[in-house]
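The values are calculated or read from the model by the stated rules, or taken from the named source; none is laboratory data. Every value quoted in this text rests on a predicted model; they were computed, and no experiment measured them. Ideal geometry is used to build each Cβ from the backbone, glycine not excepted, and the neighbour counts take in all protein chains shown. Ligands, DNA and RNA are stripped out before the accessible areas are found, and what is left, the full protein with its side chains, is counted by its heavy atoms. Shrake-Rupley method; radii C 1.70, N 1.55, O 1.52, S 1.80 Å.
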Amino acid sequence: MFDKKSAIVNFVNVAFRKQTYLNILYLLFTFPLGTAYFVFLVTGLSLGFSLVAIWVGFPILILIFLAWWEIASFERQLAIWLLGVDISPMSHGPDPDSDLLGKGINRLKNPVTWKSLLYLFLKFPTGIMSLIVTVILISLSMSMVLSPLLYRFHTISLGTFQADSLGGSLVIAVLGIPVGLISLHLMNLLARIAGHLAVLMLGNSQNKDAEVSEKEV
């Protein structure tokens, strides 16, 4: 049976959960990190492949290969810390019987190596989307809630309704509370999708079933 009181409490409590603000922090980090990863990988891989003919490209590609694994490892840990997801290890652990070449071959055979590369490239477009959505939702909510303080400096509009007086701005401020709560739920949903993507792309499927932990967001 639908519990109306419980649903209302859960709807309001989103503003008082630590995980909500960790999710927002993660979404805001996504754009600058995604941009940095994209520039680094595109520049490094392009340079490496262009110089393969004179052999200089091989050490560059090896360095990029090692770097993207470490970056993906950092991203995995960031998702665990901020999103509260449970992600399986990227590999089964070091093989003591393998030499350096064997370890390199094992990493090349590891599906997570290539999934993580795709994940790092995807961080750029998803980072743009996360930034746009997060900034719009936060700006809209804050401008509505703070309209009693802002209406003297700038007319606050809500559709055809304009708050050019204290009374009008108070109406918008009251409406801003549910708008803000809905915005927090939407950002949590976006963060939850990001968490599922990290679980899928940054964990070894053979160590599975890593899932998003049952932390409420």
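Tabulated values for the structure
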| quantity | calculated |
| --- | --- |
| Computed label-point distance, nm, for sites LEU197 and ARG17 using a 7 Å Cα→Cβ extension | 2.0 nm |
| Solvent exposure ordering (accessible area, 1.4 Å, most first) of HIS196, HIS185 | HIS196, HIS185 |
| Debye intensity ratio I(q)/I(0), log10, segment 4-55, q values 0.13, 0.14, 0.17, 0.25 Å⁻¹ (C-alpha model) | -0.56, -0.59, -0.69, -0.90 |
| Reference-scaled alpha-carbon Rg (2.2 N^0.38 Å with N residues) for segment 1-116 | 1.54 |
| Derived scalar couplings ³J(HN,Hα) [segment 169-177; Karplus, 6.51 cos²θ - 1.76 cosθ + 1.60; whole Hz; x for Gly, Pro] | 5, 5, 4, 5, 5, 5, 5, x, 5 |
| Added length on full extension, which subtracts the Cα-Cα distance from 0.36 nm per residue, TRP55 to TRP114 | 18.9 nm |
| Difference of contour (0.36 nm per residue) and Cα-Cα distance, ILE177 to VAL9 | 59.1 nm |
